[in-house]
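The block underneath contains the structure these notes are about, expressed in structure tokens.
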Amino acid sequence: MHAPAALKPPAGARVAIVEFEDMECPDCGRANPLLKEAAAKYKIPWVRHDFPLPMHAWSFNAAVNARWFDTKSKAMGDEYRDEVFASQISITTPQVLAQFTEKFAQSHNVALPFAIDPQGKLTAEVKTDYALGQRIGIEHTPTIWVVTANSKGAPFVEVVDRTKLFQLIDQALADTKSVAPAKTAHK
């Protein structure tokens, strides 16, 4: 691991799930409902990082699209990701992804611009996530961690067996029980 500092919960959280995902990855699609359930059940942050694999034809575009929906609302961006994962099998090409994205936007009464990322800002954000994943040493998607702030246990644990996700979160919560959440710095 080359950059473990990235594996911390957001300010104010004791425990979080951190994931590096590729929206065209079938295993990421299988993991998505479980991660969504865990974040909701435990009321902990789920930090999603884009790690579009080069061999996937449309995953990079999907990540940029999700970032565009994030600009409308984080909830809309997350819903787009969830729906892409749920519809993965039918999204076979970048053109089909574009049609899917247009339908998603219409169903949310949002007009897609002719160019989603004309300045390349969203593309740069996806590339920044990918570079972070490379610094950490990501070798597969999904790569999932349960991370803690000021834990008496391990500061981060990779979730290798997803059937143990809830057990790992329970342990992280127990390890941080006496710890006050990290405060955000005031400027």
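Each row is one residue, and each column tells you yes or no for (1) open to solvent by 60 Å² or more (accessible area, probe 1.4 Å); (2) farther than 22 Å from Ala16 by Cβ; (3) hydroxyl-bearing (Ser, Thr, Tyr).
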| residue | (1), (2), (3) |
| --- | --- |
| Phe100 | no, yes, no |
| Ala124 | no, yes, no |
| His140 | yes, no, no |
| Gln167 | yes, no, no |
| Leu173 | no, no, no |
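Give the residues of the stretch 153-165 that are in contact (Cβ under 8 Å) with a residue 12 or more places away in the chain, open to solvent by 30 Å² or more (accessible area, probe 1.4 Å) and part of a helix (DSSP H, G or I), sorted by residue number.
Answer for the stretch 153-165, where residues must be in contact (Cβ under 8 Å) with a residue 12 or more places away in the chain, open to solvent by 30 Å² or more (accessible area, probe 1.4 Å) and part of a helix (DSSP H, G or I): just Arg162.
Determine if the stretch 54-62 includes at least one residue that is modelled with pLDDT of 95 or more, within 29 Å of Phe166 (Cα to Cα) and open to solvent by less than 10 Å² (accessible area, probe 1.4 Å).
Among the residues of the stretch 54-62, at least one is modelled with pLDDT of 95 or more, within 29 Å of Phe166 (Cα to Cα) and open to solvent by less than 10 Å² (accessible area, probe 1.4 Å), which makes the answer yes.
Listed residues Arg67, Arg81; which is modelled with pLDDT of 95 or more, more than 17 Å from Cys25 (Cβ to Cβ), under 15 Å from the mean Cα position of the chain (by Cα) and surrounded by 18 or more Cβ atoms within 10 Å (Cβ to Cβ)?
Of Arg67, Arg81, the one residue that is modelled with pLDDT of 95 or more, more than 17 Å from Cys25 (Cβ to Cβ), under 15 Å from the mean Cα position of the chain (by Cα) and surrounded by 18 or more Cβ atoms within 10 Å (Cβ to Cβ) is Arg67.
Residue-by-condition table, conditions (1) open to solvent by 20 Å² or more (accessible area, probe 1.4 Å); (2) outside any loop (DSSP other than H, G, I, E, B):
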{"site": "Ala105", "(1), (2)": "no, yes"}
{"site": "Pro118", "(1), (2)": "yes, no"}
{"site": "Thr128", "(1), (2)": "yes, yes"}
{"site": "Gln134", "(1), (2)": "yes, yes"}
{"site": "Ser151", "(1), (2)": "yes, no"}
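Could you please let me know if Gly77 is closer than 30 Å to Ala11 by Cα, touching an Asp or Glu at 6+ places or on another chain (Cβ under 6 Å) and part of a helix (DSSP H, G or I)?
Against the criterion (closer than 30 Å to Ala11 by Cα, touching an Asp or Glu at 6+ places or on another chain (Cβ under 6 Å) and part of a helix (DSSP H, G or I)), Gly77 qualifies.
The values are calculated or read from the model by the stated rules, or taken from the named source; none is laboratory data. All figures in this text were calculated on a predicted structure; none of them were measured in a lab. A quick note on method: Cβ atoms are made from the backbone with ideal geometry, for glycine too, and the neighbour counts reach across all protein chains shown. Ligands, DNA and RNA are stripped out before the accessible areas are found, and what is left, the full protein with its side chains, is counted by its heavy atoms. Shrake-Rupley method; radii C 1.70, N 1.55, O 1.52, S 1.80 Å.
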